[in-house]
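Reviewing the structure listed below.
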Amino acid sequence: MSPEKPLRYRYFYRCFWALLCLLVPAGAQSLILEGLVINDQTGQPVAGASVYLENTTLGSSTDSSGHFMLRIGAATADSAVLIIQHIAYDTLKLILNEALTRYRFRLTPLVRPLEKIVVEVPRDRTLLANDLPAAVTIVEASEFEGRGYIDLGDLLRTEKSIQIEEDLSGRKSLSLRAGNPEDVVVFYNGLKMNSLYDNVFDLSLLNVEDMRQVEIIKGSNTALYGAEAFSGVINIVPRVRQDYTARFIQKIGSYRSGDWNLQLNYSPLQNLSLNFTVKDAAYKRILGNRTGFLENRSRYLSGNILYEIHPSENGNRGESINLMYMRVDSDHENNSFVESIGDENEIVALNYKRWSPLWQNMEISAARQTLNNNQALIDLSGTLDRRFANRRLSLNVQNRYRFSVVELISAYQFEDNRLNFSELRRGLDENPQGLEAADIYQQRHGAVVLARVNTALGEGPVSRARVDFSYRYDWIRNSERDVLERQGARSIFYEGEQQVNRWQAGTVKFSTNIGGRAKNLEYDFFMNGGSNIKFPTIFNQISQPSPYNPGVPEIVARLLPEKNRSLEVGLSLAQLFDAAAVVNEWKLEFSQFTNTYENKFRNYYIPGVPLAFYENVPNADIRGLEALWKLVFIRRIMTMEWGARYYDVSDRAAFPFKNAVSVTAALNAHYAGYRLQFKGFFESKRLGWLRDVRGDFVELRLPSYYNFDAHLSKWYTLGPIRLFASFSARNILNTRTVLEGIAIRDRRLYLGLGVEY
Amino acid sequence: MKLIFSLAALLLAVSCTENFLFDDEIEPRTMLSVEGNVRLQWENSYEGVYVYLEGFDIHTLTAADGSFKLEIPQNPRLQPGNGVNGAFYIWYYVDNFQLGRSLTLVREGQFSYGHADVNDKGRIKSTVVLTKLIDIATAVSPSVIGEEYGGPVQIDMTLTNRVDSVYINIYERKYRELGGVYVISQADSNDLHFVRLENARNRAVLVDSIQHWQMIVERDSLPLFPGKYDIVPFVKVNHPDMPAVLRDRFGANAATFSREFLGLPRRVLPAAITIGLR
């Protein structure tokens, strides 16, 4: 027997156990309470409401469509009290006996909801609750937990306004609305994750099982969180406090992937909650003809300590302190030649919130982040050793003050960044130029004021109106220290501070939003616009200005901030019908936007020169149309969604390989704990301009692509334990469209099993 | 509590980060090379066409059947920027033929097969045919001389244009008098003699008909040692559309009457002279 076999048997046993769990039928004789929780005023479903019996541990929560299912032991007294609770609504209490006769449960909002539909401002504890309204897509945990998504990039792959690029190492970058990856700012628990070097974040570093929801904020209308998000923000809201004690999910799937995730929640005191998550994942892709393999491993740890010094009834007027820790280690190995890539990402963050009559809502956050990336590659043609060590210290002070219909938000943000960078290239037949190593320091300050008038005008065709206005000012200082430059055959070391770049700029934004209801047709209209600014990244600063090309005199290399102006209008219509009708609801969303760039950077490389070149296009623009149609039918059991968008990019060298058209279709159904999801997507050809030696461009068209995913999952309740099983099939049509991004486009199958206590 | 512990134990037992159930393979395509075929008009052998990939600055010569293969030498991930993007021409060059080119698109350090002039299999879509611009024929008389021969040798060169008109550079003393030729030993190409007339210089000439040049060389100017020698005239065809990088490959003096000129790929009929052999 080969030494490998016992190991294999062990895995077989594990998988057998896991399968057994799947097959265990729902246990003892018990009652099932099923229902739909809706907003009393709008009739919209309420997601994430806790449903439990008083003085017991028995509980459940509503999913994104407002449904819940609660299994109650037969011994439970009829006089037990059912509680339905949500942070933004009045708590509903009723006798179980009475609850069993009902299907709909109505919650009264604490504050009358003013924004709706397209302009869905996430309300509780999330980063963007206070920012200007924008087109938001929220992907909730119930749509992805335990399913076959290997990381965040894999999850967002099928969103219509998103394009994910993946390279062979599994690194994924995201672009939104035909912009570039550096135009998207990724936040995790309110902390900016983008690399200091090129302002891009590798989405494969985040654990989807740790997320409560993912918010995709489209458009450049965020004022509180920086002026750099030209095409949008991805905000990840982690699970800080959950209503279960422990949850374990094991996934296995294609490419020998295995992924387990354990979450623990513990509240030793009523106002103290502790939360801990650990995840270990790996996948291994064997290269054709067994010539080698690609292996990816990652380990993820996170923990939260939330102490509510003065717990609040409505979620706002309390005092709390939250300490968060997160660490990800990820490794990639390619043994067809010797290549290894390692990432270490660590965050420690402290957040303090307080409500006082004088200042009202005050929030202070401080964080320390490190992001290290090491790449080593040895091949016949040479060796490369590249290291990035990012360190970011950040402080964010924010105050929200409200009097009557006016709300005033002011914030100050400070970042102190350090990047230690080195790129050793050896034995390569090339012209040694550029920076080999440097320490780069960056300090930035941002101050913002946001004023909002928010009025409820009562029932009628115009029942709500809102106007927002913001002004933001940013300062930035960059300096290089201890620079090692490649110059011909030798390297030259310059000690001390070298180049210092300083920039500062102010940006203005506005937003208006009106909505109302005519008969049972609800409408919402918004218009927003403003200016944005993005300072040159470290990558831009260490690149070489492109030689002047007399053929295109307007294109000159200018190391100055990129500017952006945007204007977006959106309209949404929704109609709600009686729950007994075949069609319960339909919703139509439409938006049109224009993003105009000034001084847009274009970077390129020349073979044999290990140095990037940059030039600036005076004007470039992206125009787009987005539409969504959603239909909820058969007692809200089924939801269908069609999405389509069209983006027109003026400069395909500045925004290369964006697809113009994307169409998505999704079908969701849930019944008796089962949930079925189908997602189909089509993207048109990706067009990009490639530069030739003379500085002219040739268009390259990459093929169009379509495919579909299916997910089936089921929750079982077994006394205090809930069991979960899921099956996911990704990219079911095994098309022969070959592009980079192999894991994203290949047919893959996943099995997920979970248990929750 | 007991339940939690037993549950935790069970969970750790079933946890795994590897499974043998889905042992899938991937086939990332390596598209680091381009192949193709070149033909020379009016020629039987297609050997020695200089094939050059600009940008990457790599070259090869065609085999007798005209086939060639160009390969990007570096692993894409070792290239600047983790893989270069760009549009690069492959140039086909034989001096007295029209310059040819094919467009290749490179994305992330690899050729994009199925785009521009490259087909899905990494071959240049159609056979490249280079039009002949000019025939260069040389004759010498007498073609055999004894060691003690003391008379003059006459070299005749005929240029026949194959297209309407061709701009060339030749070494000329006066109208239609050839000013310089290379005399190269057939046994050893390093045994090279420049034979030039006084006051001759490099001149630009338009060839739009069959044109003849003549040169009278004294025995003293020819090699002393017996042997067989090729007589090669200096005729450089003008290629205004030739990229500077390709021009530079052959040296700065390749367009002048210099040793570097002989490094250019050409198709000429040299005249042979035999000295001192019976």
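Hey, which of the strands (runs of 3 or more DSSP E) in the range A:628-735, taking only ones fully inside, have at least 3 residues that are closer than 25 Å to A:Ala574 by Cα?
Those strands (runs of 3 or more DSSP E) span A:638-649, A:661-671, A:674-683.
Could you tell me whether any residue of the range B:140-162 is under 25 Å from B:Leu246 (Cα atoms) and at pLDDT below 95?
Yes, some residue in the range B:140-162 is under 25 Å from B:Leu246 (Cα atoms) and at pLDDT below 95.
Conditions first: (1) free of Cβ contacts under 8 Å to residues at least 12 places away in the same chain; (2) at the interface with chain A (Cβ under 7 Å from one of its Cβ atoms). B:Thr60 passes all but one, so which condition is the exception?
(2)
If I ask for residues that are polar (S, T, N, Q), surrounded by fewer than 21 Cβ atoms within 10 Å (Cβ to Cβ) and modelled with pLDDT under 90, which ones from the range B:45-85 would you list?
Passing the criteria: only B:Asn82.
Within the range B:253-278, track down each residue that is of a type in the set (Gly, Ala, Ser) and at pLDDT 90 or above.
B:Ala254, B:Ala255, B:Ser258, B:Gly263, B:Ala271, B:Ala272
Given the conditions (1) within 9 Å of chain B (Cβ to nearest Cβ); (2) surrounded by fewer than 19 Cβ atoms within 10 Å (Cβ to Cβ), which single one is not true for A:Arg748?
(2)
Within the range B:207-226, which residues are assigned to a loop (DSSP other than H, G, I, E, B) and at pLDDT 90 or above?
Passing the criteria: B:Asp208, B:Ser209, B:Ile210.
Kindly indicate which of A:Ser320, A:Ser336, A:Ser330, A:Ser302 is within 14 Å of another protein chain (Cβ to nearest Cβ) and either crowded, with 17+ Cβ neighbours inside 10 Å or closer than 21 Å to A:Glu209 by Cβ (or both).
After applying the criteria, what remains is A:Ser330.
Filter the range A:197-209 down to residues that are surrounded by 24 or more Cβ atoms within 10 Å (Cβ to Cβ) and not in a helix (DSSP H, G or I), then give me how many there are.
3
If a residue must be within 15 Å of A:Tyr149 (Cα to Cα), touching a residue at least 60 places away in the same chain (Cβ under 8 Å), within 10 Å of chain B (Cβ to nearest Cβ) and not small (Gly, Ala, Ser), how many such residues does the range A:251-298 contain?
6
Take the residues of the range A:376-387 that are buried (at least 16 other Cβ atoms within 10 Å of the Cβ) and over 16 Å from A:Asn335 (Cβ atoms): which is farthest from the other protein chains (Cβ to nearest Cβ)?
Filtering first and then ranking leaves A:Arg387.
Return the only residue of A:Asn390, A:Asn373 being within 14 Å of chain B (Cβ to nearest Cβ) and not β-branched (Val, Ile, Thr).
A:Asn373
If the requirement is being assigned to a strand (DSSP E or B) and of a type in the set (Ser, Thr, Tyr), which of these qualifies: B:Tyr182, B:Tyr149, B:Tyr175?
B:Tyr182
Determine if the range A:346-356 includes at least one residue that is within 14 Å of chain B (Cβ to nearest Cβ), in contact with a Ser or Thr (Cβ under 7 Å, 6 or more places away or on another chain) and surrounded by fewer than 20 Cβ atoms within 10 Å (Cβ to Cβ).
No, every residue in the range A:346-356 fails to be within 14 Å of chain B (Cβ to nearest Cβ), in contact with a Ser or Thr (Cβ under 7 Å, 6 or more places away or on another chain) and surrounded by fewer than 20 Cβ atoms within 10 Å (Cβ to Cβ).
For (1) exposed (fewer than 11 other Cβ atoms within 10 Å of the Cβ); (2) among the acidic types (Asp, Glu); (3) in a strand (DSSP E or B); (4) in contact with an Asp or Glu (Cβ under 8 Å, 6 or more places away or on another chain), each residue gets a yes or a no:
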{"position": "B:Asp188", "(1), (2), (3), (4)": "yes, yes, no, no"}
{"position": "B:Val195", "(1), (2), (3), (4)": "no, no, yes, no"}
{"position": "B:Asn199", "(1), (2), (3), (4)": "yes, no, no, no"}
{"position": "B:Val205", "(1), (2), (3), (4)": "no, no, yes, yes"}
{"position": "B:Lys228", "(1), (2), (3), (4)": "no, no, yes, no"}
{"position": "B:Pro240", "(1), (2), (3), (4)": "yes, no, no, no"}
{"position": "B:Leu246", "(1), (2), (3), (4)": "no, no, no, yes"}
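Can you say whether A:Thr158 is modelled with pLDDT under 80 and of a type in the set (S, T, N, Q), as far as the supplied structure shows?
No; evaluated as a whole, the condition is false for this residue.
What tally of residues in the range B:77-106 results from selecting those that are in a strand (DSSP E or B), in contact (Cβ under 8 Å) with a residue 24 or more places away in the chain, facing chain A (nearest Cβ under 9 Å) and not hydroxyl-bearing (Ser, Thr, Tyr)?
4
A:Phe535 - would you say it is over 30 Å from A:Gln433 (Cα atoms), of a type in the set (Phe, Trp, Tyr) and surrounded by 15 or more Cβ atoms within 10 Å (Cβ to Cβ)?
no
Which residues, counting only those in the range A:634-657, are closer than 22 Å to A:Phe681 by Cα and away from chain B (no Cβ under 14 Å)?
Correct list: A:Met638, A:Thr639, A:Met640, A:Glu641, A:Trp642, A:Gly643, A:Ala644, A:Arg645, A:Tyr646, A:Tyr647, A:Asp648, A:Val649.
Here is a check on your reading of the model: is A:Asp439 more than 17 Å from B:Gly83 (Cα to Cα) and of a type in the set (D, E, K, R)?
Yes.
So for the range B:163-175 (the condition being touching a Phe, Trp or Tyr at 6+ places or on another chain (Cβ under 7 Å) and surrounded by 16 or more Cβ atoms within 10 Å (Cβ to Cβ)), does at least one residue qualify?
yes
Would you point out which residue out of A:Ala580, A:Ala627, A:Ala574, A:Ala620 is over 30 Å from A:Asn520 (Cβ atoms) and among the aliphatic types (A, V, I, L, M)?
Exactly one residue qualifies, and that residue is A:Ala620.
Of all residues in the range A:682-697 being under 20 Å from A:Gly179 (Cα atoms) and not basic (Lys, Arg), which is farthest from the other protein chains (Cβ to nearest Cβ)?
A:Phe682
Among residues belonging to the range B:12-55 that are among the small types (Gly, Ala, Ser) and under 38 Å from the mean Cα position of the chain (by Cα), point out the one that is farthest from the other protein chains (Cβ to nearest Cβ).
Here the residue is B:Ser45.
Determine whether A:Ala574 is surrounded by fewer than 17 Cβ atoms within 10 Å (Cβ to Cβ) and in contact (Cβ under 8 Å) with a residue 24 or more places away in the chain.
So A:Ala574 fails the test.
The values are calculated or read from the model by the stated rules, or taken from the named source; none is laboratory data. Keep in mind the model is a prediction, meaning the values are calculated, not measured. Virtual Cβ from ideal backbone geometry, glycine too; neighbours counted across all protein chains shown.
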